[in-house]
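Heads up, the thing below is written out as structure tokens.
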Amino acid sequence: MARVLIADDDPDIRDLVAFKLTQNGHQITAVEDGMAALRAAREQPFDLVLLDIRMPGMSGLDVCRSVRAAPETASLPVILITARSQEGDVELGFAAGADDYIVKPFSPRELSSRVAAMLSRVER
Amino acid sequence: MIHLGFVTQALLFLPGLGLVLSLLITGTRLVRTYRQGRRRRLAAPVRAVLLELLCAPEDEQSELLDRIAPADKRTWKALEPTVAAMLGKVSGRARTALVLLYERRGSPADAVARLRSRSAARRGRAAQVLGRLRHRPATESLCRLLDDRDREVRLTAARALGHIGDPVAVPHLLESLHGKRTVPPAVVTAALTSLGPDAVPRVAAGLGDPAPLVRAVAIEVLGVTGAITRTPDIVRALWEGPETEVRIRAARALGRLGMPDGLEPLLAGLRPGQPVTLRTVAAGALGNLGAVAATGPLKEVLGDADPHVAGTAARALLRLGPAGEAALREAAVGRSDPRAAAQARAALAEAAVGSTRRVPVEVVL
Amino acid sequence: MSPGEDGPVLVHAAHAEEWDGVLGTLHGLIAVCDTAIIFYFLAINSGYLVLILLALAELVRRLRRVSFVGYEDAAASPFTPPISVIMPAYNEAAGITEAVRAMLLLHYPVFEVIVVDDGSTDGTLDALTDAFDLAEVEHVVPEDVPMRGEVTSLHLPRGGPVPLVVARKENGGKADALNVGINLARYPLVCMVDADSILDSQSLLAVAKPFSDDPLRVVAAGGVVGIANGCTVEAGRVVDVHVPTDLLGRAQVVEYLRGFFLGRTGWSKVGGLLIIAGAFGLFRRDVVVAVGGMDPDCIGEDAELVVRLHRHLREQGRRHRDYRVVFVTEPISWSEAPSTLRVLARQRRRWQRGLTEILLKHRRMIGNPRYGRVGLVALPFYVLFELLAPLVELAGLVLVPLGVLIGAVDPGFLWRFLLAAYAYAVIVGLVSVAVEEYAYHRFSQWRDVWGVLVGTIVENVGYRQITGWWRLRGMWDALHRAPQVWGSMTRSGFGPPQRGRKGGDRL
């Protein structure tokens, strides 16, 4: 079991991710914007963060950068959720310090295997 | 002149109207709030099942479908927006489950019937649904809609055909480029491109079309889908085509295809005397092509009178590897042509900071 | 309103006989003027009403088609035309970083952001350099449109795919900064935005849609500008829409709704859109280059560009159905509106001055059938109801009481009439609010609805009159300095370059 934070302004995606990962036995905290995500990441310990890139207010990239900048969260694994063909997002994401990314539209199965892979990589 | 009586009546009537309008404003708001609340209440329990369906393994899907599909009309209406939105957000098995759900509800059949509706908005919505569901049997009806009276309906039909992916649609899509009721080339190109490699032979047939726009779009699509076997045809289009529009697309396609046969015609397109847009695109395409043999000619146009041609050439040289960069360095210190030197220095400076300013090959709308 | 058969009521026939000579003429003149003013008042509000109803028809159409607008496809397609966003900035150090960050995160497949620092003295460039790790690079700026202030340096972000270009130039005014941006733009569409505008994340997709739907005809598209005062803004996005709590703000919300949102939607529907707000407009680069870019001598350079586009295209023989200037109703950019009378006064003076200059500069088009409905309908409407409105309104404030005083107008009739006329104007305002509530219902809470309702009254009683005075002064400014403005092109500008200032000076 892992504690996972998901931030996405789209309630459908948020609920879907939360549902799938809960099914896999993880403990989910879902928030709808970047500010809330950053607050949550600072206040509680997480094993993994899923961030949508284009959120109103603070973007996923900004959150990712801030997470990396703070020493206590610097090593927190971050997976970005990006829309297909938004040019440069993937590069920007890696530049901001993300560990992996998922492209929308995605299949729930792919999501859970990516999360599992990331978590096992961190354990090792 | 105006009668006093009329004014007095107006004076009584207008505040009344004002009151009615105020009530209308609050009324619409109340009704909307109420409806939203009801919809949420109705959808909430089914929505949970929907999420379960999306995450379920294959063997459990049909049981979950049995639970959602029989929902009454009101519940379905409340849930459908979520289902439609999800369709664009998930892929793989989860998507298939949603399509099955729509099929159980009979939506594709309804939508096909609505394609003949008298209301343009309804036809458009139906086409959109069919595209989103990738409902292959609707291909033929959607092809007919490419000639619809309403422009937005035609556009939606073209996009839907792209999503569905049946290559049968190719000639219809190409035909929709000209005539009285047209679909814009960018939309047709996008649709044809998403049909994938199966469509290439049919798209290539468009190379011989008398309409220049059809040839232009066919060339563009072949370039994007990487149909390298068609390079000779595209080369011929660049050499021979009298229409600049066709030649520009041919140049761009040759850059994308990256075959050595593209070099000669692209160099010809770069020469002074050719239309400026063609020269710019040719310069950019030579960068994409990456042939070292282009170094000399590209270096020559660094001092071109047109700054767009020169600027693109400079950035194209950067993509030719060490030879190109050496050429730029040489030009940057050259005294004979200050314009070329400035262009070269600008491109080198950009490269030095690691910025990737794209080479603009998409100069045409 | 049929003409009365049993004698005019407005003019006191009985009294008129007692007057003769000069006094009689004056009496008659004032009576006629007052009648004209009253009819003018009716006509202007009916004009607005017609525009609002046209807008309503368009909005109903849009709403019915909202499910197949194709934003998702446009956002995912590599064939969506790329956009160069041009952001002129002058002393914007405080907000520029956030604005650029927000701009870079818009939903759109391919676009670049070009910030043109117009010789700021407050470290605007330094703020950007720190935030985006900019490095100065050598530059060559193509001179597709004329520039006045020279580009002194060009800056690019180090080592990343961030599509940002920052140019620093010598101060030359906003229009000149835009021209530099146009020259630096590498994409076929240029989007002009103010450094302090806040864009909704879908706004580029929406404003570009007309170009991809109808690429051969659409030359320009403008978007809705809303008032950011009172709204909740987080990291460069409007999260919750509210109506400001002060009367000035409320009156402006209603004014924007009626004039800028619905009015322009209506004009766009009939093909007579003349103004695209400088705060958010998208243009074909080639067409802008063909007309020579922005006119740095014009105060309202954004509106002037659109009028010039119309003029150029019509003179090239393109007719009404051959090209389109579109107002897009969906996307929204938000601007801070003036919250003090002083700033508002300055803004309105500038606007009216700009309008006067534009109409004088292009006076040949007014009423000229060669320019189709732009010349025959839209421009005369602007002259009659936008340019002359403050003049008539203030003349009314003087002449109508005067008419009562000398007995040219029956006071019993007059008070009733004035009351009815203002009621009519309020009704027009209410219709706008109702249309918005039906179509987009952007205001989030009940108190916002109450706020706009109060706004409709304040806007008609008080606000219009006071802005009328400022607008009159703006007209005076324009006429007063007229010879300078249309004089030789080498003129170095009037004093310090005129700028769009904080407080949403230009919309």
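The values are calculated or read from the model by the stated rules, or taken from the named source; none is laboratory data. This structure is a prediction, so every number in the text was calculated from the model and none was measured. We place every Cβ from the backbone using ideal geometry, glycine too, and count neighbours over all the protein chains shown.
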Identity of the residue in region B:198-236, away from chain C (no Cβ under 14 Å) and not in a helix (DSSP H, G or I), that ends up nearest to the chain's Cα centre (by Cα):
B:ALA227
Scan region B:230-254 for residues that are surrounded by fewer than 24 Cβ atoms within 10 Å (Cβ to Cβ) and more than 20 Å from B:PRO171 (Cβ to Cβ) and jot them down.
B:THR231, B:PRO232, B:VAL235, B:ARG236, B:TRP239, B:GLU240, B:GLY241, B:PRO242, B:GLU243, B:THR244, B:GLU245
Within region B:281-310, the count of residues that are away from chain C (no Cβ under 14 Å) and not in a helix (DSSP H, G or I) comes to 2
Residue list for region C:62-107, filter: more than 9 Å from chain B (Cβ to nearest Cβ) and charged (D, E, K, R)
C:ARG62, C:GLU92, C:GLU98, C:ARG101
Helices (runs of 4 or more DSSP H) (entirely within region B:43-118) containing at least 3 residues that are within 13 Å of another protein chain (Cβ to nearest Cβ):
B:58-68, B:73-87, B:93-105
Restricting to region C:108-157, give me the number of residues that are buried (at least 20 other Cβ atoms within 10 Å of the Cβ), within 14 Å of chain B (Cβ to nearest Cβ) and acidic (Asp, Glu).
2
So, in region A:18-37, exactly how many residues are within 10 Å of another protein chain (Cβ to nearest Cβ), at pLDDT 90 or above and under 11 Å from the mean Cα position of the chain (by Cα)?
0
For region B:18-35, indicate whether the set of residues that are more than 7 Å from every other protein chain (Cβ to nearest Cβ), touching a residue at least 40 places away in the same chain (Cβ under 8 Å), loosely packed, with under 13 Cβ neighbours inside 10 Å and of a type in the set (D, E, K, R) is non-empty.
no
Would a scan of region C:279-298 turn up a residue that is closer than 27 Å to C:GLU98 by Cα, without any contact (Cβ under 8 Å) to a residue 60 or more places away in the chain and buried (at least 24 other Cβ atoms within 10 Å of the Cβ)?
no
Can you pull out the residues in region A:71-87 that are out of contact with any helix residue (DSSP H, G or I) (no Cβ under 7 Å at 6 or more places or on another chain) and surrounded by fewer than 16 Cβ atoms within 10 Å (Cβ to Cβ)?
A:PRO71, A:GLU72, A:SER75
Output for region C:401-420, where each listed residue is more than 9 Å from chain B (Cβ to nearest Cβ) and within 31 Å of the chain's Cα centre (by Cα):
C:LEU418
Quick one: A:ARG14 ticks every box in (1) surrounded by fewer than 19 Cβ atoms within 10 Å (Cβ to Cβ); (2) free of Cβ contacts under 8 Å to residues at least 24 places away in the same chain bar one, so which box is it?
(1)
Can you list the helices (runs of 4 or more DSSP H) found entirely within region C:162-277 that contain at least 1 residues being touching a His at 6+ places or on another chain (Cβ under 9 Å) and within 14 Å of another protein chain (Cβ to nearest Cβ)?
C:174-184, C:203-213
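Can we say C:TYR323 is within 17 Å of C:GLU336 (Cβ to Cβ) and away from chain A (no Cβ under 14 Å)?
no
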Hey, can you tell me all the residues within region C:134-166 that are within 14 Å of B:ALA349 (Cβ to Cβ) and small (Gly, Ala, Ser)?
C:ALA135, C:SER153, C:GLY159
